[in-house]
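Data first, discussion second: the structure below is written as structure tokens.
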There are 2 protein chains.
Amino acid sequence: MFRRVAIIGLGLIGGSIGMALRKAKVAQQVVGYDLGKGVGDHACNLGAIDESCAVLADVVSDAELLILATPVGPMRALLQDIASFVTPETIVTDVASTKVQVISWAEELLPSSVAFVGGHPMTGKELTGIAFADPALFQNCIYCLTPTARTNRMALNKVAAFVEVLGAHVHFLDPAEHDEQVAGVSHLPFLASIALVNAVAANPMWADASLLAAGGFRDMSRLAAGSPEMYRDICITNSTAITQWLDEYINGLCILRERISSHDSSLDETFAHAQQLRYSLFSSFLREDRN
Amino acid sequence: MFRRVAIIGLGLIGGSIGMALRKAKVAQQVVGYDLGKGVGDHACNLGAIDESCAVLADVVSDAELLILATPVGPMRALLQDIASFVTPETIVTDVASTKVQVISWAEELLPSSVAFVGGHPMTGKELTGIAFADPALFQNCIYCLTPTARTNRMALNKVAAFVEVLGAHVHFLDPAEHDEQVAGVSHLPFLASIALVNAVAANPMWADASLLAAGGFRDMSRLAAGSPEMYRDICITNSTAITQWLDEYINGLCILRERISSHDSSLDETFAHAQQLRYSLFSSFLREDRN
């Protein structure tokens, strides 16, 4: 199905893509490139790629599909670097968490003859790096593709076929809508987790209170373990949508605070509302409630 | 070790206590009482208790250890109800999530000759009811005991021995300190989860955005599935400590919001701080990071 697939960035996502492609035997060759010392060889040993390239021009050269599997932070420089090597025979896609900014860079920096398709798999772990790569990471996940008026339809179909090979479900949406939506269901949650950990741990009581931290705190603090640099770059490239969701969250917390302070006995209705929403979301969509 | 242990309230916690005691074979008899239709029989069938009592006076009668395994909400009425049956031969303990209020009710309502020891196991699930009871629920968990100046030392030792039979680690602390600490590590997290679910789901974008909700949102919304009535009663009986922690959380979120809005590139330092705290907490204390 694919002649040569190239992956730049062999971390959790890039490595898992390579493993899934090789497992599905749909590419004649999967090559990879990573700036990290020894990462390319590690990826080879783990079976994530057939061959590791030491030079950026080599990995880009002759690829039918080029996957930019880096976070949003280094993306602009990477697009700039590949611009002089990439030819119209190569379809370029990315996996970064915010799409408006990345697409504007791609449209600014890549030759207009090169097809670019923005992508974002809705999966991940708080653990990063090739060592945690897993060919099943994309199974049944939603994988957003965000075409624009300039997106080549044949390229879009090719990337959609690639997504299906990973075991994921293609979900098309507008880049700006994508950014607004993930700000609510993905970026706001990690900020809520980080603020929780920092607020609780900054308190003088923390040394004693941490002993009492159990499953609830563990769940609510998991996202705080994610990459600080990746989170920063997401916040900077999606600040408008994120601040809007944060305003709604803070407003809801302030209302809750007043009702608790006044011993409002109808608080349980607000809590029941959240319980109902949580049940309906995870029973109908994800079916993974007790994983 | 125990002659007769009585459990009032055969939900997740009461049922799990019964199972753990019977599995450890440390009580000659474990009896139970629950207001819910058929719950006592269900608990018998699951092996959580030896016998279900239909009448409150019968379950209290002759117990060496009486465990009040209800949430904080019905606790005052329950203490009132058992006050006329309970004798100085019975040690009474509870498992409710807030301790100052429960202990003041116990000291007000129980005869002064009856020993009461406040307790709170730092475990649980968002799932409630006898059907989810599990004898291993307390394995390696921290179990708070909150003696006061009035607490009988022999009774305290007996309850501590009971906690160890469950496989839990006894942690003694002052009732007010307990309430302040759990407000941070347990009550604030469930409020953060509820506010997150309600904020995100109230947005007109929710119908589309919910499709993109993945593991991060699932983790951060899990606590929102807990019992609304239990959460309300916790908030009402621990409102001062909870509002203080909420103020710190809201303040931290407001600062974060301003820094995101101004594209502050040192955001990653704040995020790295949370990451470090999360690592240190769960590597040193719980060792359950990847459960």
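Is at least one residue of segment B:144-158 under 21 Å from B:Leu21 (Cα atoms), in contact with a strand residue (DSSP E or B) (Cβ under 9 Å, 6 or more places away or on another chain), assigned to a loop (DSSP other than H, G, I, E, B) and of a type in the set (A, V, I, L, M, F, W, C)?
no
Looking at (1) over 30 Å from B:Ser193 (Cβ atoms); (2) at pLDDT 95 or above, find the lone condition where A:Arg150 falls short.
The number of the failed condition is (2).
Residue-by-condition table, conditions (1) within 7 Å of chain B (Cβ to nearest Cβ); (2) closer than 14 Å to A:Ile194 by Cα; (3) surrounded by fewer than 17 Cβ atoms within 10 Å (Cβ to Cβ); (4) without any contact (Cβ under 8 Å) to a residue 40 or more places away in the chain:
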| site | (1), (2), (3), (4) |
| --- | --- |
| A:Ser221 | yes, yes, no, yes |
| A:Asp233 | no, no, no, no |
| A:Ala241 | no, no, no, no |
| A:Ile260 | yes, no, no, yes |
| A:His263 | yes, no, yes, yes |
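If I go through segment B:34-45 residue by residue, how many of them are within 16 Å of B:Thr128 (Cβ to Cβ) and not in a loop (DSSP other than H, G, I, E, B)?
3
For the structure I just gave you, tell me whether A:Lys37 is out of contact with any helix residue (DSSP H, G or I) (no Cβ under 6 Å at 6 or more places or on another chain) and either surrounded by 17 or more Cβ atoms within 10 Å (Cβ to Cβ) or over 13 Å from A:Phe162 (Cα atoms) (or both).
Working: out of contact with any helix residue (DSSP H, G or I) (no Cβ under 6 Å at 6 or more places or on another chain): yes; either surrounded by 17 or more Cβ atoms within 10 Å (Cβ to Cβ) or over 13 Å from A:Phe162 (Cα atoms) (or both): yes.
Criteria met by A:Lys37.
Looking at the structure I just gave you, is B:Ile13 among the aliphatic types (A, V, I, L, M), crowded, with 24+ Cβ neighbours inside 10 Å and part of a helix (DSSP H, G or I)?
It is true that B:Ile13 is among the aliphatic types (A, V, I, L, M), crowded, with 24+ Cβ neighbours inside 10 Å and part of a helix (DSSP H, G or I).
Checking the condition crowded, with 21+ Cβ neighbours inside 10 Å and either modelled with pLDDT under 90 or under 29 Å from A:Gln181 (Cβ atoms) (or both), which residue from B:Leu253, B:Leu277 passes?
Exactly one residue qualifies, and that residue is B:Leu253.
If you check B:Ala77, B:Ala48, which single one turns out to be out of contact with any Asp or Glu (no Cβ under 8 Å at 6 or more places or on another chain), assigned by TED's automatic domain parsing to the domain that holds B:Asp94, of a type in the set (A, V, I, L, M, F, W, C) and part of a loop (DSSP other than H, G, I, E, B)?
None of the others qualify; the one that does is B:Ala48.
Of these, B:Tyr231, B:Tyr249, B:Tyr279, which one is among the aromatic types (Phe, Trp, Tyr), more than 24 Å from the chain's Cα centre (by Cα) and assigned to a helix (DSSP H, G or I)?
B:Tyr279
Can you work out which of the residues in segment A:186-219 that are surrounded by fewer than 24 Cβ atoms within 10 Å (Cβ to Cβ) and not in a helix (DSSP H, G or I) is farthest from the other protein chains (Cβ to nearest Cβ)?
Taking the candidates together, the pick is A:Pro204.
Consider A:Ser227 carefully, then state whether it is polar (S, T, N, Q) and in contact (Cβ under 8 Å) with a residue 40 or more places away in the chain.
Against the criterion (polar (S, T, N, Q) and in contact (Cβ under 8 Å) with a residue 40 or more places away in the chain), A:Ser227 qualifies.
The values are calculated or read from the model by the stated rules, or taken from the named source; none is laboratory data. Quick caveat: nothing in here was measured; it's all calculated off a predicted structure. Note that we place each Cβ from the backbone using ideal geometry, even for glycine, and neighbour counts take in every protein chain shown.
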